[in-house]
Amino acid sequence: IYEELAISAEAVDLGRVAPGQVKLLDSHDQGSIDRILGSVTRAWIDAGTLMVEIRFADTEAGREAEARATGPDAPGLSVGYRVTTW
């Protein structure tokens with residue numbers, strides 16, 4: 001099964017992306033406050049690409065995540081989503 005999501009101002013609701021409302025989680029894990037690595041402070045769509053600005057937590061895990069995200073082997077991000085209209 002192949003799934004392709006539309007990324008446009010009409011298709012993506014960024015209304016929850018106010019500072020502090022969208023958390024940066026380790027592997028989508030919502031089971032513990034320790035899994036919060038930071039938060040998304042800004043999000044926008046640029047030429048069909050979802051862009052985000054992140055503030056990393058001032059914790060050991062947050063600092064480690066920031067170092068990895070800005071390093072040469074930076075991993076990609078995975079965004080959780082909910083379909084509201086088919």
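Things worth noting here:
- Qualifying residue in the range 34-55 (condition: surrounded by 10 or more Cβ atoms within 10 Å (Cβ to Cβ) and part of a loop (DSSP other than H, G, I, E, B)): no
- When restricted to residues that are out of contact with any strand residue (DSSP E or B) (no Cβ under 7 Å at 6 or more places or on another chain), loosely packed, with under 10 Cβ neighbours inside 10 Å and either under 21 Å from residue 53 (Cβ atoms) or not charged (D, E, K, R) (or both), the range 1-27 contains 5.
- Test result for residue 73, over 11 Å from the mean Cα position of the chain (by Cα) and either in a loop (DSSP other than H, G, I, E, B) or under 22 Å from residue 13 (Cα atoms) (or both): yes
- Residues in the range 60-80 that are over 15 Å from residue 29 (Cβ atoms), modelled with pLDDT of 85 or more and not charged (D, E, K, R): 67, 69, 70, 71, 72.
- Among the residues of the range 72-85, some residue qualifies, meaning at least one is of a type in the set (A, V, I, L, M), open to solvent by less than 70 Å² (accessible area, probe 1.4 Å) and touching a Lys or Arg at 6+ places or on another chain (Cβ under 9 Å).
- Sole exception among (1) in contact with a strand residue (DSSP E or B) (Cβ under 7 Å, 6 or more places away or on another chain); (2) surrounded by 14 or more Cβ atoms within 10 Å (Cβ to Cβ) for residue 69, by number: (1)
- Residue count for the range 47-78, restricted to those that are farther than 19 Å from residue 17 by Cβ, small (Gly, Ala, Ser) and without any contact (Cβ under 8 Å) to a residue 24 or more places away in the chain: 3
The values are calculated or read from the model by the stated rules, or taken from the named source; none is laboratory data. Since the structure is predicted, the reported quantities are computational estimates derived from the model, not experimental observations. Cβ sites come from the backbone with ideal geometry, for glycine too, and all protein chains shown count toward neighbours. Side chains are part of the model used for accessible areas, which takes the heavy atoms of the whole protein and leaves out ligands, DNA and RNA. Shrake-Rupley method; radii C 1.70, N 1.55, O 1.52, S 1.80 Å.
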